[in-house]
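Input: a single structure, listed below in structure tokens.
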Amino acid sequence: MQIQEGHAKRIDIVSDTHGHLSAELLEQIAGADLIVHAGDLTSEMDYERLCCIAPVRAVLGNNDYYRDYGPDVARLCEFDYEGLRFAVAHYQEDLPVTGVDVAVCGHTHRSKIERSCGRLLINPGSATLPRGTRTPSIARLYVGDGAVMSAEIIPLK
């Protein structure tokens, strides 16, 4: 799909980095308009580093229980961006079923993008510790004017 530069906003979605931001991950997310992290950052320094790249919307994962990322990082994050309603939680079952256009989760370390309950459901997989035969990955969205223009999984090496 051809994306018109200047019209669309790029959202890079990561999860389950577990205290490691690889050089390739940092290269891939450079230039993002927004970074969404679906939990298990496990490093306050990594959170600060992501915040230096672009605005970040993040949630706590099951391994973030004693981390302090500040008051903006909780178990569930709901926000509006470019005319779309987003919900982010580490566990898919913690996401609202209705009232959102894009739902993001992590935890499984397995990437997927699917339509579910009238919303786009995205799990970017793990950027550092994939499960099974999968490679590390992130998800990338281009959005604008209240629509998702494209959604894809980006494999990392």
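Points to keep in mind about this one:
- Percent carbon-and-sulfur accessible area, the stretch 115-157, ignoring ligands, DNA and RNA, probe 1.4 Å: 51
- Ranked order, Arg134, Arg140 - accessible area, probe 1.4 Å, largest first: Arg134, Arg140
- Heavy atoms of the protein chains alone define the surface here; on that basis the stretch 8-157 has 45 Å² accessible area per residue at 1.4 Å probe size.
- Cα centroid of the stretch 127-141 to Cα centroid of the stretch 78-103, whole Å: 21
- Here the stretch 51-110 has 47 percent of its accessible surface on carbon and sulfur atoms, given a 1.4 Å probe and all protein chains in place.
- Summed residue charge, Cβ within 14 Å of Leu41's Cβ, Lys/Arg positive, Asp/Glu negative: -4
- When all protein chains stay in place and ligands, DNA and RNA are ignored, the 1.4 Å accessible-area order of Asp101, Asp72, largest first, is Asp72, Asp101.
- Computed on protein heavy atoms with a 1.4 Å probe, the accessible areas place Glu93, Glu82 in the order Glu93, Glu82, largest first.
- Only helices enter this figure: runs of n ≥ 4 DSSP H residues, each worth -39500 (n - 2.57), summed and divided by the residues of the chain, yield -3000 deg cm²/dmol at 222 nm to the nearest 500.
- Packing-based ranking, highest mean first, of 29-36, 64-71 given that Cβ atoms within 10 Å are counted: 29-36, 64-71
- Only one residue of Pro71, Ile29, Cys52 has its Cα farthest out toward the positive end of the dipole of the stretch 1-87, where Lys and Arg carry +1 and Asp and Glu -1 on Cβ, and that residue is Pro71.
The values are calculated or read from the model by the stated rules, or taken from the named source; none is laboratory data. This structure is a prediction, so every number in the text was calculated from the model and none was measured. FYI the Cβ positions are ideal-geometry reconstructions off the backbone, even for glycines, and counts take in every protein chain you see. Accessible surface is based on the protein model in full, side chains and every heavy atom, while ligands, DNA and RNA are left aside. Shrake-Rupley method; radii C 1.70, N 1.55, O 1.52, S 1.80 Å.
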